[in-house]
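Student: Sharing a structure with you now.
Where a number appears in this text, it was derived from the coordinates with a stated rule and is not lab data. Just so it is clear, the structure is predicted and the values come from calculations on it, not from any experiment. All Cβ positions, even for glycine, are placed from backbone atoms using ideal geometry, and neighbour counts span all protein chains on display.
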Amino acid sequence: MCIAAESTRPGSAAYNLACISALRGRDDDCKHWLQTSQDYKLLPPREHLLRDKDLQGIHRSIWFQEFVSRL
């Protein structure tokens, strides 16, 4: 469903896809979707990303820490 929404309206489901990717342990996909969400100016605030339990598995990743430090 999220992929269909994303293909219809780019950016609209990117954050949800990032969360799904994080839950599945797919760091590269998560990184891609977070960046896509940011590119479309639909990324939640930094504080939300740091509290989102769906992203808990990547919170300690170097790339994630670098990503949120740039927000």
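Student: Using each residue's phi in the stretch 50-65, evaluate 6.51 cos²θ - 1.76 cosθ + 1.60 at θ = phi - 60° and report the 3J(HN,Hα) Karplus result to the nearest Hz, with x for Gly and Pro.
Tutor: Rounded to whole hertz, the list is 6, 9, 5, 5, 5, 9, 3, x, 10, 3, 8, 5, 4, 5, 5, 4.
Student: R0 = 22 Å: FRET efficiency of residue 26 with residue 46, Cβ-based, nearest 0.05?
Tutor: 0.50
Student: Now for a different question. Any idea what the alpha-carbon Rg over 2.2 N^0.38 Å comes to for the chain?
Tutor: The reported ratio for this selection is 1.00.
Student: Further question on the same structure: In a GNM of the chain with a 10 Å cut-off on Cα contacts, which of 54, 29, 39 has the highest mean-square fluctuation?
Tutor: 39
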